[in-house]
Amino acid sequence: RASAAAIACDGLGGGPQGGVAAARLRPAGHRLPAAVQRALEGHAAGRGRADAARGDRGAAGGAEEARDSLVAPPVTFEQRFVQDSERAVIADRSFNAERRTAAISGTALADLEARWEPSNPNVLTLARVSTSSLVETKVTKRSFEAPFDGAFGTSEYARIADAGSSGVLSSVPTILAARVQAKYKWEPAGEPGAVARIEGLEITSTFDPTQTGFADLSGATPVLVTKARLRFERE
């Protein structure tokens, strides 16, 4: 068990926020913290069920609109976690992206094709076969909080190149930036190191980097903020 966003991360620009420790991008940087790996012992290479309840908030529509929250109904989807070549527990990003996108968007799973390699964990592409659209997400920096009292937090900035997902194919993709902040906590089970379930709060802020000249996004206003409450249970 773990989460769809359980890798440790931080940013396109600017330093780490809220006391998290910055980490240079390297293959080992996408692994789960050691304490979390111990909590997941025996669950690697398995599947878990994730429930997500989402609320979306536009940040560019004025203070009145920003206070309104659009709450989507909960969805359930599979998430998978595997072991890398050094037996560290990591999220299977291609599997997870396909299942989560299909559940949230209603797109048929067979119409989605994700590509991601543990040896190159910072780049994920997700294609929709029927429209030939393609979205590439490239993590540029990551950080995480040291686990404490059965909880830990992560932050990730990424550059997103979107070619055609809005329905208009173009030789020039739309470039966006996103930050995903997540906080996870797990409930111990009866056996030492075992967990009953993992719950999380995930906040995704999407930015138009052209508004800041592709400079430091620190203090920039996102064009969209999405919040999701996650619950992971092993099947």
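The values are calculated or read from the model by the stated rules, or taken from the named source; none is laboratory data. Just so it is clear, the model here is predicted, and its values are computed rather than measured. Note that each Cβ is placed from the backbone with ideal geometry, even for glycine, and that neighbours are counted across all protein chains shown. Note: areas computed on protein heavy atoms with side chains; ligands, DNA, RNA excluded. Shrake-Rupley method; radii C 1.70, N 1.55, O 1.52, S 1.80 Å.
Applying a DSSP loop filter and a limit of 11 other Cβ atoms within 10 Å to the trypsin sites (Lys or Arg not before Pro) in the stretch 99-129 leaves nothing.
So what's the net charge close to ARG128: Lys and Arg +1, Asp and Glu -1, counting the other residues with Cβ under 10 Å from its Cβ? That works out to -2. Sorting the segments 82-94, 175-187 by their residues' average number of neighbouring beta-carbon atoms within 10 angstrom, most packed first, yields 175-187, 82-94. Computed over the stretch 104-200, the range of Cα coordinates on each principal axis works out to 53, 29, 24 Å, biggest value leading.
Quick one: grab the alpha carbon gyration tensor of the stretch 72-129, order the square roots of its eigenvalues as a ≥ b ≥ c, and give me rounded if a/c is under 1.5, else prolate or oblate depending on whether a/b is larger than b/c. Oblate is the answer for the stretch 72-129, as a/c is 1.5 or above yet b/c matches or exceeds a/b. Put ASP162, ASP149 in order of accessible area, highest first, and with a 1.4 Å probe you get ASP149, ASP162.
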